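Here's the structure we're looking at; comments come further down.
Laboratory data are not the source of any read-out in this text; all were calculated from the coordinates shown. As the structure is a computational prediction, the values presented were derived from the model and not from experiment. Quick reminder, even Gly has a Cβ in these numbers, built from the backbone with ideal geometry, and neighbours come from all protein chains shown.
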Amino acid sequence: MSAGTSLPRRWRVRVTESCAGCGLCVIAADRYFHLVDDYSQAQHTEVDPDEAVIAAAELCPMNAIEVVDAETGAEVVPTH
Ligand code: SF4
């Protein structure tokens, strides 16, 4: 993370209904995601910015992880 980059204070994290339950996000960031009834859920709906959340979202083969600025709703990780 480079100095001078202004990150939002909080991110809102949500796993959508596209989740296929592969578990990659849990392996990548078990502080933020867990499997419930074979599907991923965010452990916390709002988190402090953390690269691990972005890594998990980018790993997700279903693009099922939404990460947005909690204040503005702007996408932190683009969904495709
Ligand atoms: S990586 Fe994506 S598809 Fe796999 S469990 Fe996590 S949210 Fe679901």
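When Asp50 is tested against (1) over 11 Å from the mean Cα position of the chain (by Cα); (2) within 21 Å of Asp69 (Cβ to Cβ), only condition (1) is not met.
Which ones in segment 40-69 are surrounded by 14 or more Cβ atoms within 10 Å (Cβ to Cβ) and assigned to a strand (DSSP E or B)? Ser40, Gln41, Ala42, Val47, Ile65, Glu66, Val67, Val68, Asp69, listed by residue number.
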